[in-house]
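Contents: one structure, followed by commentary.
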Amino acid sequence: MNKIQLIVTVAIVSFGIAHARAQGGYTLYNMQNVHQKAYLNPAIDPDVNFFVGIPALSGVYGGFENNAAPYSEAISHDNEGNALLDVGYIAENSKPDNYFALDLSVDLLNFGFRAGKNMLYFHAREVITTDFSYPQNFIKLLAYGNAPYAGERLAMDNFAYNFTSYREYAAGWSRSINDKLQLGARIKFLTGLENIRTVNSTLGLTTNPDNYHLTVDGSFDVRSSGINQLLNTEFKWQERLFTGQNRGAGIDLGAHYKATDKWTFSASVTDLGFIRWSRDIKSYNMNDTSFTFRGLNLNELVDDGEGSTFNRLADSLENTFAVNEDSSSYTSYLSSRFFLQARYTLTKNHSLSLLTHGTFINKKLNPAFSLAWNGQFGTVLGATLSYNAYGRNFTNIGAGITLRLGPAQLYAVTDNVLGFSGTSYSKNRHFRAGVNLVFGRKPEVEGGSD
């Protein structure tokens, strides 16, 4: 790949710093006795003595978020039934900074047991996170061209693509300090598999109002690990499964406090951690640079049978946009999250709760809120309904259900039921499901406890 190709590729997929995350979990946080809730708050105290997840089936999660206008709303059909995309509609209904994000995870191993007032649990899971962000100005450029912006710099500094794949091994602990306070913590050991990370970038387009010369300016610093090997035709999966060069660590902290018989408060901070990438490193950076395109001479194009005019332009671009390559190790950080919940017990088996959630990406807070009802019907059925506001969207109705059939516990949960209806509500989709084996009962169960 020559430098021109490299510049174009990096500019398209890697400019900027991504600021999105499709982690969800707002409805799951309100569900009782599903021990996968420990991913959100390690202070969970399920109503069992021992649990074990069926490998690869106990916890399967997929989440998608899109904060821009749904593309389905911008599609119309002509008289012949052909689909037409209204880019102008997307441009006018986009945010200044737009994103879509996809998260996937699967539990490889998950089990826990009670030891007196303590609950000990362990898990291993595979996690993939990816997101792409783009500015509204880019969509406007596609829809209206550059003429309306002559004389000004059209800033497109928030293009971004991030990708991380890692394996997580964790040991957790929770303990009843007294009849009111439950504390929990989880230590995580991380093995990084693949990563693309944009450290910083800028991109702008300026049109001269007098002669319409185009000036492009920008800079970037993009780092990657494991991508080249993954794209290698001789790639061996066993090497990926047992790689151990990219090491990391993390910690989750949580607490539940029963203030009165009716009110319970909980808080947690998760994904405080990092991964140090040192395997198969390929990093590229370019200092702040600009290039002015003054057009092509038509007479030269007519006489140029061998395409030397375009070759000179390519050489000029390559010399101007000098890309530096580096193979130094680097560190990436997990997307830290926090949860704050207040829960009011209506009866022994029914409660209402208000949840506040936040994700920090590059020091920027992405908030979410959830209002939920949770009910338990005997020892077999549990149900949760929630209203969730997140991803700049306010039409998310969540639902969760648990069934305990002997030792088998089946559960399914989503933060947006309407997201699977195929309508314009499909901006956000989250779904988690699994099968656990649970045994025994907690010696003493407090009404409505988590």
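The values are calculated or read from the model by the stated rules, or taken from the named source; none is laboratory data. All figures in this text were calculated on a predicted structure; none of them were measured in a lab. No Cβ is skipped: glycine too gets one built from the backbone with ideal geometry, and neighbour counts run over all protein chains shown.
Reported count of residues in region 136-161, each being hydroxyl-bearing (Ser, Thr, Tyr) and more than 32 Å from the chain's Cα centre (by Cα), is 1. Only residues that are out of contact with any Pro (no Cβ under 7 Å at 6 or more places or on another chain), hydrophobic (A, V, I, L, M, F, W, C) and under 21 Å from GLY204 (Cβ atoms) were counted across region 113-154, and they come to 8. Residues in region 171-191 that are surrounded by fewer than 16 Cβ atoms within 10 Å (Cβ to Cβ) and either basic (Lys, Arg) or in a strand (DSSP E or B) (or both): ALA171, LYS180, LEU181, ILE187, PHE189.
Is it the case, given these coordinates, that ASP131 is among the charged types (D, E, K, R), more than 19 Å from the chain's Cα centre (by Cα), crowded, with 18+ Cβ neighbours inside 10 Å and more than 30 Å from PHE439 (Cα to Cα)? Against the criterion (among the charged types (D, E, K, R), more than 19 Å from the chain's Cα centre (by Cα), crowded, with 18+ Cβ neighbours inside 10 Å and more than 30 Å from PHE439 (Cα to Cα)), ASP131 does not qualify.
Among the residues of region 403-412, some residue qualifies, meaning at least one is at pLDDT 95 or above, among the hydroxyl-bearing types (Ser, Thr, Tyr), closer than 20 Å to PHE339 by Cβ and assigned to a strand (DSSP E or B). One residue stands out among those in region 10-59 that are in a loop (DSSP other than H, G, I, E, B) and polar (S, T, N, Q): the one that is modelled with the highest pLDDT, which is ASN41. Inside region 46-101, residues that are of a type outside the set (A, V, I, L, M) and at positive phi make up a count of 1. Residues that are modelled with pLDDT under 85 and surrounded by 15 or more Cβ atoms within 10 Å (Cβ to Cβ) number at least 1 in the following helices (runs of 4 or more DSSP H) confined to region 211-303: 227-231, 237-241. For first residues located in region 159-187 and within 15 Å of SER332 (Cα to Cα), partners that are outside any strand (DSSP E or B) and lie 6+ apart or on another chain with Cβ distances below 6 Å form the pairs TYR161/VAL13; TYR161/SER14; ASN162/ALA18.
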